[in-house]
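The values are calculated or read from the model by the stated rules, or taken from the named source; none is laboratory data. Note that this is a predicted model, so its numbers are computed, not measured. Heads up, the Cβs are rebuilt from the backbone with ideal geometry, glycines too, and the neighbour counts pull from every protein chain shown.
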Amino acid sequence: MPHARRRAALRELARAADLDALLVTDLVNVRYLTGFTGSNAAVLVHTGDGDRDERGTRLVTDGRYRTQAAAEVPDLPVTIERACANEAAAAASRDGVGRLGFESAHVTVEAHLALTGAAENLELVRAPDLVQRLRVVKDEQEVATLRAACAAADAALADLIAAGGLRPGRTEREVAADLEQRMREHGADGPAFESIIAAGAHSAIPHHRPTRVELRRGDLVKLDFGALRDGYHSDMTRTVVLGPPADWQREIYQLVATAQAAGRAALVAGAELSGIDAAARGVVTEAGRGVEFCHGLGHGVGLQIHEAPPLAASADGRLAIGMTVTVEPGVYLAGRGGVRIEDTLVVRPHGPELLTRTDRELLAL
């Protein structure tokens, strides 16, 4: 199980931040560190004297999850108390903790006041991103789960196309429901997010929500979707055309495909995040359509559909081996239609590994 290794790495970061313990309350981070999937929990992670020292580390949840916690977190003691964060802070105080870090980005003012009352004789220290610094680089178990999620999405789209599910007369909502059910049939726990099925002029809206509008001959149809597998999200976009493509549709499709290839090629360990965005954006800008590429190039993906690192002009930092990101340039012509092509990839020492495998050539149905 990777959770003990992750907690050991977290203790190193916490010690480097001069913390005696860290209170983790973000439920995504709780799952990352323990495997617990309930809706109410906190984890108290003591820094200890060594990398493998888990003394004092515990999970706190409420009585609804007593059996679930025992099954999902067999390697930590579990305390049952509904006010999870407060109980964990009080336990830290009883343990003699001096400096207790907490996830300030996920704690309200009222919750902080309650923590202050529960955590007597210790100092609360803001530590907003320690777990995120670990999550940004995926271990091989995470990559394997992401690979399975991507495979489910690939297979579902192939089935949808083979069955004639993308045809004039079907509504965007019907296509979305069909695609999501097919992902479940291929092993997904459900969709990773609300699927974007956008036909005709709607394809020029980057985050369009499916409607009762029917697909028509001549439409560009943009499908942005993903599969959820064991908590991990895949993300892929393909754009097809119903019938022979018009010249303008071929033009913007080829432009986006060229930009996407440039972005994928730039996924090299050590590359500046902003530079990866620039590699793809420059292709679109040089073609005179920079204003029609109106979002960042991509984002990290894992236990959340959008997580660090961002691939955008404003992003700071560099790409590292093990980061899993999307590359998704788009060109959107308001009132006419748009194209986006997106893949999920993991950064490897000798170039990125492509996790979404569906062909990227323009498909005319």
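All conditions but one from (1) touching an Asp or Glu at 6+ places or on another chain (Cβ under 6 Å); (2) β-branched (V, I, T); (3) in a strand (DSSP E or B) apply to V240; the one that does not is (1).
From the list D53, D75, which one is more than 30 Å from D189 (Cα to Cα) and either touching a Phe, Trp or Tyr at 6+ places or on another chain (Cβ under 8 Å) or not assigned by TED's automatic domain parsing to the domain that holds R229 (or both)? Only one candidate qualifies: D53.
Counting the residues of the range 329-362 that are surrounded by 14 or more Cβ atoms within 10 Å (Cβ to Cβ) and either within 22 Å of E292 (Cβ to Cβ) or not assigned by TED's automatic domain parsing to the domain that holds A192 (or both) gives 15. Across the range 18-41, the number of residues qualifying as among the small types (G, A, S) and surrounded by fewer than 22 Cβ atoms within 10 Å (Cβ to Cβ) comes to 3.
Can you pull out every residue in the range 332-347 that is assigned to a loop (DSSP other than H, G, I, E, B) and either without any contact (Cβ under 8 Å) to a residue 60 or more places away in the chain or touching a helix residue (DSSP H, G or I) at 6+ places or on another chain (Cβ under 6 Å) (or both)? Once the filter is applied, which keeps residues that are assigned to a loop (DSSP other than H, G, I, E, B) and either without any contact (Cβ under 8 Å) to a residue 60 or more places away in the chain or touching a helix residue (DSSP H, G or I) at 6+ places or on another chain (Cβ under 6 Å) (or both), the range 332-347 yields A334, G335, I341. Just to be sure, is T285 polar (S, T, N, Q) and more than 25 Å from I161 (Cα to Cα)? Here the answer is yes, as T285 does meet what is asked. In the range 350-364, the residues that are more than 20 Å from V240 (Cα to Cα) reach residues that are assigned to a loop (DSSP other than H, G, I, E, B) with C-beta atoms within less than 6 angstrom, at least six apart or across chains, in these pairs: P352/L267. Within the range 81-97, identify whether any single residue is under 29 Å from D139 (Cβ atoms), in contact with an Asp or Glu (Cβ under 7 Å, 6 or more places away or on another chain), in contact (Cβ under 8 Å) with a residue 60 or more places away in the chain and not hydroxyl-bearing (S, T, Y), and answer yes or no. Looking through the range 81-97, at least one residue is under 29 Å from D139 (Cβ atoms), in contact with an Asp or Glu (Cβ under 7 Å, 6 or more places away or on another chain), in contact (Cβ under 8 Å) with a residue 60 or more places away in the chain and not hydroxyl-bearing (S, T, Y).
Matching residues to (1) hydroxyl-bearing (S, T, Y); (2) over 19 Å from G35 (Cα atoms); (3) surrounded by 13 or more Cβ atoms within 10 Å (Cβ to Cβ):
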{"position": "D75", "(1), (2), (3)": "no, no, yes"}
{"position": "T79", "(1), (2), (3)": "yes, no, yes"}
{"position": "A83", "(1), (2), (3)": "no, yes, yes"}
{"position": "A89", "(1), (2), (3)": "no, yes, yes"}
{"position": "G98", "(1), (2), (3)": "no, yes, yes"}
{"position": "V107", "(1), (2), (3)": "no, yes, yes"}
{"position": "L124", "(1), (2), (3)": "no, yes, yes"}
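Within the group G302, G322, G288, G296, which residue is buried (at least 22 other Cβ atoms within 10 Å of the Cβ) and in a loop (DSSP other than H, G, I, E, B)? Don't jump to the end; show me each part of the working.
Values: G322 fails: buried (at least 22 other Cβ atoms within 10 Å of the Cβ); G288 fails: buried (at least 22 other Cβ atoms within 10 Å of the Cβ); G296 fails: buried (at least 22 other Cβ atoms within 10 Å of the Cβ).
That would be G302, the only listed residue that is buried (at least 22 other Cβ atoms within 10 Å of the Cβ) and in a loop (DSSP other than H, G, I, E, B).
Of the helices (runs of 4 or more DSSP H) lying entirely inside the range 35-150, those carrying at least 3 residues that are out of contact with any helix residue (DSSP H, G or I) (no Cβ under 8 Å at 6 or more places or on another chain) are 66-72, 84-94, 109-118.
E140 meets all of the listed conditions (1) among the charged types (D, E, K, R); (2) within 27 Å of the chain's Cα centre (by Cα); (3) closer than 22 Å to A14 by Cα but one, namely (3).
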